[in-house]
Structures are given as structure tokens and as C-alpha cells.
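A.B. asks: The structure is given below, and queries will be raised subsequently.
Please treat every number below as a calculation from the coordinates, not as lab data. None of the values given here were measured: they were computed from a predicted structure. Don't worry about glycine lacking a Cβ; one is built from the backbone with ideal geometry, like all the others, and counts go over all protein chains shown.
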Amino acid sequence: MRWTKTYIPTFKENPKGCEVKSHILSIRAGLMSPLFSGVNIYLPLGWKILLKIVSIIREEMERIGAQELLLPSLSPSSLWEETGRWKEYGKDMFKFKDRKGGDMCLAPTHEEIITEIARNGIKSYRDLPQIWFQIQTKFRDEPRPRGGMLRAREFIMKDSYSLDTDEKSFEKSYSLHRTAYQNIFKRCSLDFVIVTASSGLMGGSLSEEFMVFSKTGEDAIVICENCGYKANRDIAVSNTNDSADRCPKCGEKLKIKNAIEIGHIFRLGEKYSRAMGAFFLNTNGDREPIIMGSYGIGVERIMACVIETKSDNNGIIWPPSIAPYKFLIIPLNVRNTETRKLSEKIYKEILAQKYEVLIDDRDETPGTKFKDADLIGIPFQIVIGEKGLDKGVVELVKRDGKKKWEIDKERAVSEILQIS
RNA sequence: CGGAGCGUAGCGCAGUUUGGUAGCGCACAGCGUUCGGGACGCUGGGGUCGUGGGUUCGAAUCCCACCGCUCCGACCA
């Protein structure tokens, strides 16, 4: 892709009012733009990154045998009345009436719809287990949206649901998800911890959250360095009778750190299947409720967490797995014939090798190009300028750590591909 | 929902105290000079000063109401 043909609006100055690093950098790097409170526009560069994250999620979900489907965002009130969540969700749900006066909502999550499918279609133990997932937009009218992508009112979620015959089978589905989640976050270069948490409005017994430590995180995590106990502080408080200083397992003093929740896995048990009548026939021909689990990942939050934890003073540093491009070619002066010709040659050769490459073919000064390059954080910068050309070299610079190689301009592409 | 701050060109801001021609920097367009860490000169375009009402000869500025955004808290996957 050529910079002059794409839309990457970068900004020198911090956007007004923004204080969270990922919020500031995602706007400055031209990834996204706020539309109104809690609702974001994803621009081409940002969407490219989100699609990379989505494809990692999809691969890992398919690896555990999950099947992708797509559920509607519009939902009738009747399903939510059955489980009591029409009232429980209250104002957090976007509710409205259709032209006939029927109550509806924009779904904040999809347990009710999944259970609706299950009660209509799952008849026998032979139909189970099932794992269904989707990557789709969720709507929650949050009382206070925060930090751009950290807490939005409209956001993309990977949500999945497991349907099993019994606890033993369920535990397998649950642990498959646990593994898949660990793989997904590792592949996105996130350092995370798994903590026990409260399941809130989802219901069911204790759940587990996947957390990334960050000063801007809204959740507080307690950690026991002695026995390894980790939990959301809400849970720790209830386990130790209002005091969260001491580990409920070994009594040692607990550390408290802020974190961002990127994933949450829930043991729903029979809550939804009983409320909505999702039963199957067991081997004896008896009716039993389906045992359910639900599992969520905030897609934009992964992007935000990577920015929070991987950026430096100059901008974002994308891990190659989710970088929008692998290479950024920087011809320092496009009016210099040799610079331009060599840049174009290298660009075309890398493209021919099927790598994703962006060339900064703008007629801008070197300073501007270096600043923008660091800001948008492409893993490898290929710098082509007159100084290097006089020595017969181009430079390969790794965005992470700024490691630099001088490479013979005649053999540039093959050497670059070898090093990177 | 409680507390605080903010709203003036695409972005960042000054001007508001003390009412009197709408300003600056960046960005944008044209021309020229530049080209290894956000270059320079000249020229140019771009504004319902958040919205509505009020006071006044005259309101970005004073008064009232409303709306929006950000942050802290409450709440919450």
C-alpha cells in the first residue's frame, strides 16, 4: 500500500481531554476517531489491526472445535423477560420500540438467543456437546464510557457458548476455552493473569477473568506472592470478611494492582436452560437441562492493551502478529531519483513475496516521516536516503528496540526478508 | 446519578476578568527554496464563537436554561 493512496490521519498534538495512553495514541496514529461518547470510528489502519486480532481469535476458536455463527443484534424483549434480565439489565441495555410498539433491545450479550436456539434444536444427548461462537458488535449503555476503547457503549466481542450434558463434559468445554484464550492472548503478545472473579449479571458460580496489568485498568487485582492466589478484589473482599489485606488461602499480605479485563469465562450451569426450557433427553430418555458456559473477549480491548503495554514515548510498537503491515519503506526524499527508484524496486519485490508493506511515498521531510513511522509502529522500517546510498546501503530498523542493520542495496530484499 | 473541568476554523489553543472589527500555531491550497528526527519564505481559503433565550446602542465576553465532551466517584461485563 502507498501512503499517498491510503487514509492515515496522524496528529502531532494530543487530542483534547484524552488521558489514557491507548486512547491518545490510537487517535494520533490514525487508527480510530471518536464519534460520540463511548462510540468509535475505526479507520482503515485501526480496522486492519482489529481484523488481525479477529483472525487469531477465529483460528484458536476453530482449533478447539468451536463453530462460528452470527446472531442478530436486534432482540425482542420476550426472550429477556423469560430470564428476568429485561429488568436486571435496566438502563445498561439500549431499549426501544419498533413501529408496532413492540419492546426490543440491542443485545448486550447473547445467552438468551443461544438458549433459544438450543431449546428449539437440541433434542438428545447425541446432539451434545456444542460450542458456538461469534464475533459481533455488542451494545451496552454504560453509565460512564472511559478511555476510548477501554469501555465503549458499542464494541466488538468474541462471545462463545458451550452446551453440555453434564458437569464433566462441561469442564472439558470450559478448559478448552481457557486454553484457547491463553493462546489468543499470547499470540497478541499480551502478558496476562487469570483471576477468579464475580460473575455479575451473567449468573452462575465463580468465573475467571483474563487480566492485563495496567495503571489505567478499572479492576483491582489482589495477588499473593507467597501462595500464588490471584483474584479480583471484589472476590477477595467477600472471602476475607471485608478486609482485602490478607490472603484467604495462606494469610500472607496481598499486593493490589490495577488491570484491564480482556476476557471472562463463565460457568452458567442450568440458569438459562431452566429459565427458558432448554432440555435434552439423556440415555435413559429422561429430560435434563443443558449445562451451559459463556465466554467473552473484548476485541478492541486487546488492541488497547497492546498499545498500553507495548508503546514508548514515540508511539506504538506493534507485535508482528497483529501489525497492520510488516514493513514500512521510508524514502527520505522522494524527489531524489535514486532514492525513489530504489524504494519502488524494493517495494515491488517485497509485495511480490506476499508480505504486507507500506511505502511512505509522500513528499514530506525526513523528520515528519520518522515521527509518523514511530507513531504508527510498523515492526520494520526500511530507510532509504542519500547518506546510505552513497555508501551503497539501505537501513533496516526494528521499531522495537531500534536495532539497526545496514544492508547492501543490491541484495536488500533477500537480506531484509532473512533478518526480519 | 454525585463531584470537577471544558466547548472559539480539521487539530491544539489565546481572547471572557474590564462588552466595542474573529485571533495565533499546526494542518490545508498555490509558488519558490529545502530534505537523516515533526524545514523555511511569500500568497490564499476556511468561523451559526455548543444551542436557545435574555440584558444592551452593541455579546465569544454579562445573566438564565439546555445540550455535548473528558476526568474522578457510584454502577457495571
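A.B. asks: Give me D for region A:192-322 in µm² s⁻¹, whole number, from Stokes-Einstein with Rh from the Kirkwood sum over alpha-carbon pairs, 20 °C and 1.002 mPa s. Write down the numbers at each step before the final one.
C.D. replies: On the way: Rh = 17.0 Å.
It comes out at roughly 126 µm²/s.
A.B. asks: Rounded to the nearest 0.05, what FRET efficiency do residue A:47 and residue A:270 have when you use their Cβ-Cβ distance and R0 = 30 Å?
C.D. replies: Working: r = 39 Å, r/R0 = 1.32.
The pair residue A:47/residue A:270 has a calculated efficiency of 0.15.
A.B. asks: Based on a Kirkwood Rh over C-alpha pairs, give the Stokes-Einstein translational diffusion coefficient of region A:1-117 at 4 °C and viscosity 1.567 mPa s in µm²/s.
C.D. replies: Details: Rh = 17.8 Å.
Here the translational diffusion coefficient equals 73 µm²/s.
A.B. asks: Still on this structure, please answer the following. Relative contact order, percent, of region A:278-414 when contacts are C-alpha pairs under 8 Å separated by at least 6 residues?
C.D. replies: On the way: 197 pairs, mean separation 30.5, N = 137.
That works out to 22 percent.
A.B. asks: Pairs of alpha-carbon atoms within less than 8 angstrom and 6+ residues apart define the contacts here; what relative contact order does chain A have, in percent? It would help to have the intermediate numbers written out before the result.
C.D. replies: Working: 853 pairs, mean separation 66.0, N = 420.
The normalised contact order for chain A reaches 16 percent.
A.B. asks: Using just the alpha carbons, could you tell me how many Å³ per residue the convex hull of chain A encloses?
C.D. replies: Values: hull volume 74.1 nm³, N = 420.
Considering the Cα atoms of chain A, their hull volume per residue is 177 Å³.
A.B. asks: Using a 7 Å offset from the Cα along the Cα-to-Cβ direction at both residue A:206 and residue A:408, what is the distance between the two label points in nm, to one decimal?
C.D. replies: Simple spin-label model gives 6.3 nm for this pair.
A.B. asks: Another question, then. Only loop residues by DSSP count here, and only those with at most 11 other Cβ atoms within 10 Å; note down the trypsin sites (Lys or Arg not before Pro) in region A:166-217 that meet that.
C.D. replies: On the way: sites: A:168, A:172, A:178, A:186, A:187, A:215; in loops: A:215.
Listed in order of number, the matching sites are A:215.
A.B. asks: For residue A:19 and residue A:74, what does the FRET efficiency come to when R0 = 25 Å and r is the distance between their Cβ atoms, rounded to the nearest 0.05? If you can, show how the numbers build up before the last one.
C.D. replies: Numbers: r = 35 Å, r/R0 = 1.39.
Efficiency, from the Cβ-Cβ distance: 0.10.
A.B. asks: Among A:210, A:353, A:101, whose Cα projects farthest towards the positive end of the dipole of chain A, with charges put on the beta-carbon of Lys, Arg (+1) and Asp, Glu (-1)?
C.D. replies: Selected residue: A:353.
A.B. asks: Who wins for biggest fluctuation among A:328, A:69, A:79 in a Gaussian network model of chain A, springs between alpha carbons below 10 Å?
C.D. replies: A:69
A.B. asks: Now for a separate question. Where does each of A:261-267, A:153-159, A:60-66, A:309-315 land if you order them by average Cβ count within 10 Å, highest first?
C.D. replies: Sorting A:261-267, A:153-159, A:60-66, A:309-315 by mean packing, highest first, produces A:261-267, A:153-159, A:60-66, A:309-315.
A.B. asks: Report the Cys residues of chain A lacking a disulfide-compatible partner, meaning no second Cys Cβ under 4.7 Å from their Cβ.
C.D. replies: Cysteines of chain A left without a disulfide-compatible partner: A:18, A:105, A:188, A:305.
A.B. asks: Starting from 0.36 nm per residue, how many nanometres of slack lie between residue A:215 and residue A:172 once their C-alpha separation is accounted for? All intermediate terms of the calculation are to be shown ahead of the outcome.
C.D. replies: On the way: separation 43, 0.36 × 43 = 15.48 nm, distance 3.43 nm.
Length gained, residue A:215 through residue A:172: 12.0 nm.
A.B. asks: Strictly greater than 13 Å: what percent of every Cα pair in region A:145-189 meets that?
C.D. replies: Numbers: 676 of 990 pairs.
Looking at region A:145-189, the distances longer than 13 Å represent 68 percent of pairs.
A.B. asks: Determine the shape class of region A:299-358: with a ≥ b ≥ c the square roots of the Cα gyration tensor eigenvalues, call it rounded for a/c under 1.5, and otherwise prolate if a/b is greater than b/c, oblate otherwise. Display every interim value, and only then the final one.
C.D. replies: Working: a/c = 4.62, a/b = 1.94, b/c = 2.38.
Verdict is oblate for region A:299-358.
A.B. asks: A further question on this structure: Rounded to the nearest 500, what is chain A's calculated 222 nm mean residue ellipticity when only DSSP H runs of at least 4 contribute -39500 (n - 2.57) each, over all residues?
C.D. replies: Numbers: 13 runs with 138 residues, N = 420.
Here the helix-only value at 222 nm equals -10000 deg cm²/dmol.
A.B. asks: Please compare each pair in A:87/A:158; A:341/A:387; A:138/A:158; A:16/A:52; A:5/A:326 to a cut-off of 20 Å on the Cα-Cα distance and tell me which ones are over it. Before the final figure, lay out the partial values.
C.D. replies: Details: A:87/A:158 25 Å; A:341/A:387 15 Å; A:138/A:158 10 Å; A:16/A:52 29 Å; A:5/A:326 18 Å.
Violating the 20 Å Cα-Cα cut-off are A:87/A:158; A:16/A:52.
A.B. asks: For residue A:312, what residues show an amide H to amide H distance below 5 Å, using hydrogens built from the backbone and excluding near sequence neighbours?
C.D. replies: Here A:317 satisfy the definition.
A.B. asks: Given the Cα-Cα distance of residue A:313 and residue A:11 and 0.36 nm per residue of separation, how much length would full extension add, in nm?
C.D. replies: 107.3 nm
A.B. asks: Sticking with this one: Over the C-alpha atoms of region A:61-189, what are the Rg and the largest Cα-to-Cα span, Dmax, in Å?
C.D. replies: Rg then Dmax for region A:61-189, in Å: 16.5, 49.
A.B. asks: Give me the percent of DSSP beta bridges within chain A that run antiparallel, rounded to the nearest 5. Provide the component values of the computation, followed by the final result.
C.D. replies: Details: 69 of 82 bridges.
Roughly 85 percent of the beta bridges in chain A run antiparallel, per DSSP.
A.B. asks: Percent antiparallel among DSSP beta bridges with both residues in region A:320-420, to the nearest 5?
C.D. replies: Values: 9 of 17 bridges.
If I count the DSSP bridges inside region A:320-420, around 55 percent turn out antiparallel.
A.B. asks: Report the calculated FRET efficiency for residue A:387 and residue A:417 (r = Cβ-Cβ distance, R0 = 35 Å), to the nearest 0.05. Write out the running numbers ahead of the final one.
C.D. replies: Details: r = 24 Å, r/R0 = 0.67.
The value I calculate is 0.90.
A.B. asks: What are the radius of gyration and Dmax of region A:360-420, computed over its Cα atoms and given in Å?
C.D. replies: 11.6, 30
A.B. asks: Here's a follow-up. Can you tell which of A:1, A:188, A:325 lies farthest toward the positive end of the dipole of chain A, using +1 and -1 charges on the Cβ of basic and acidic side chains (Lys, Arg; Asp, Glu)?
C.D. replies: Value computed over the given set: A:1.
A.B. asks: For region A:1-80, state which chymotrypsin sites (Phe, Trp or Tyr not before Pro) are in a DSSP loop and have at most 16 other beta carbons lying within 10 Å of their beta carbon. The partial results should precede the final answer.
C.D. replies: On the way: sites: A:3, A:7, A:11, A:36, A:42, A:47, A:80; in loops: A:7, A:11.
Loop-located and lightly packed - A:7, A:11.
A.B. asks: Could you name the aspartates and glutamates whose alpha carbon sits less than 14 Å from that of residue A:12, not counting residues in the same chain fewer than 8 places away?
C.D. replies: Within the straight-line limit of under 14 Å, residue A:12 reaches these aspartates and glutamates: A:372, A:374.
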